[in-house]
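Shown next, in structure tokens, is the structure this report addresses.
Rule-based calculations on the coordinates, nothing more; no lab input. The shown structure was predicted, so the numbers you read here are calculated from the model rather than taken from an experiment. Cβ sites come from the backbone with ideal geometry, for glycine too, and all protein chains shown count toward neighbours.
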Amino acid sequence: MQTGILLMTYGSPRDLDDVEAYITRVRGGRVPGPDMLAEFRRRYEVIGMSPLIEITRNQAAALERELGSEFRAAAGMRFSEPSVGAAAEDLRARGAERILGLILSPQYSPILMAGYARALEAAADALPVRCVQAWHLNPAFIDVLASRIRAALARFPDEKRDQVPVLLTAHSLPKRVVVREPEYVEQLLESARAVAAAADLAPERWSFAYQSAGHTPEEWLKPDMLDVLPQLASAGHRDVVLAPVQFLADHLETLYDVDVGGREQAQDAGFETFVRIDSPNAAPDFIAALADVVRGELAAWEQAEREAAWARA
């Protein structure tokens, strides 16, 4: 049986002229005001636009090679092209007889991510479909991030390395979401703890913060990265490693929010060295981790189908 693997993520604007339409889709049809639009256009211009779509396509191509001839993989975006529907049609055209959707966020939130599953189900027509949910503690995935932290720390001189703090981050959310779904935040913290342990970081060596809070007046999750960095500096640190536990490819939140905004905040606070870990992107170890997630989910899917058949017998 040919299995289609549909990698799904947010997407990004094609160019500066597409920023308004993209942000409008992300905001559920609400057009951004002039100030918000100007700020997002500025940020995308600073980073030379987001490479997320190209990276996700590269991840899909590499995953297809990793899994072998019985698999086809494609990339689908929730808020831009290629859409989830277009990607599902591509998989069907290439012979897929069932489709497994894999959202490129290891921590799963029904509130935040149900739209991916709905889009896939609507596009799959008569094909059997299933979506991977939380895979935030997959050992291979945890090892990918831990190895990036070790590599980042290796850039420091021996006499400094053991004192450099590591700040693990995740995308912030409105506090109202967490009130409805506290399990999602717990998944983020579980990932952070597992990555820190795999990287052999002592408890006092690492901390956790949120980043990329939205442009709305409501309360967002704390602590925020931009608050924690000055606190670390006040404790006497002059070097820091920042490690997102949720972002699996370079995009606006890494290339601008961390590399530009976070770095500026760190320099203003007195840091001499600010290092972000390399994003997994399409690196072989991360592709192997994705393949491990896929194989595990397919085994669970097939077991569920067998049990359903036994129940009907």
Query raised in the report: If eta is 0.692 mPa s and T is 37 °C, what Stokes-Einstein diffusion coefficient results for the stretch 139-276, Kirkwood Rh from Cα pairs, in µm²/s?
Result: 214
Requested in this report: Measure nothing fancy, just the Cα-based angle from helix 34-47's long axis to the longest principal axis of the chain, in degrees from 0 to 90, nearest 10.
Outcome: 90
Report summary line: Restricted to the stretch 139-276, the DSSP antiparallel beta bridge percent, nearest 5, is 5
Requested in this report: Treat the count of other C-beta atoms within 10 Å as a stand-in for reagent exposure and order GLU264, GLU54 from fewest to most.
Outcome: GLU264, GLU54
Report summary line: In whole µm²/s, the translational diffusion coefficient that Stokes-Einstein assigns to the chain, given a Kirkwood hydrodynamic radius over C-alpha pairs, 25 °C and 0.890 mPa s, equals 119
Requested in this report: Counting helices only, and only those DSSP H runs with n ≥ 4, report the 222 nm mean residue ellipticity of the chain as the sum of -39,500 (n - 2.57) divided by its residues, in deg cm²/dmol to the nearest 500.
Outcome: -15500 deg cm²/dmol
Report summary line: One would report the antiparallel percent of DSSP beta bridges in the chain, rounded to the nearest 5, as 5
Query - Positive-end residue of ILE55, GLN187, MET225, charge dipole of the chain with Cβ unit charges - result: GLN187
Report summary line: Any residue on another chain or 5+ positions along whose placed amide H is under 5 Å from the amide H of ASP250 is listed here as ASN281
Report task. Compute the semi-axes of the equivalent ellipsoid of the stretch 1-90, taking the square root of 5 times each eigenvalue of the Cα gyration tensor, and list them largest first in whole Å. Result -> 31, 14, 7
Query raised in the report: Using the count of nearby Cβ atoms within 10 Å as a rough guide to exposure, how do TRP135, TRP310, TRP301 rank from fewest to most?
Result: TRP310, TRP301, TRP135
**Report entry** With Cα atoms, 0 to 90° folded angle of helix 284-312 axis to the chain main axis
**Finding:** 40
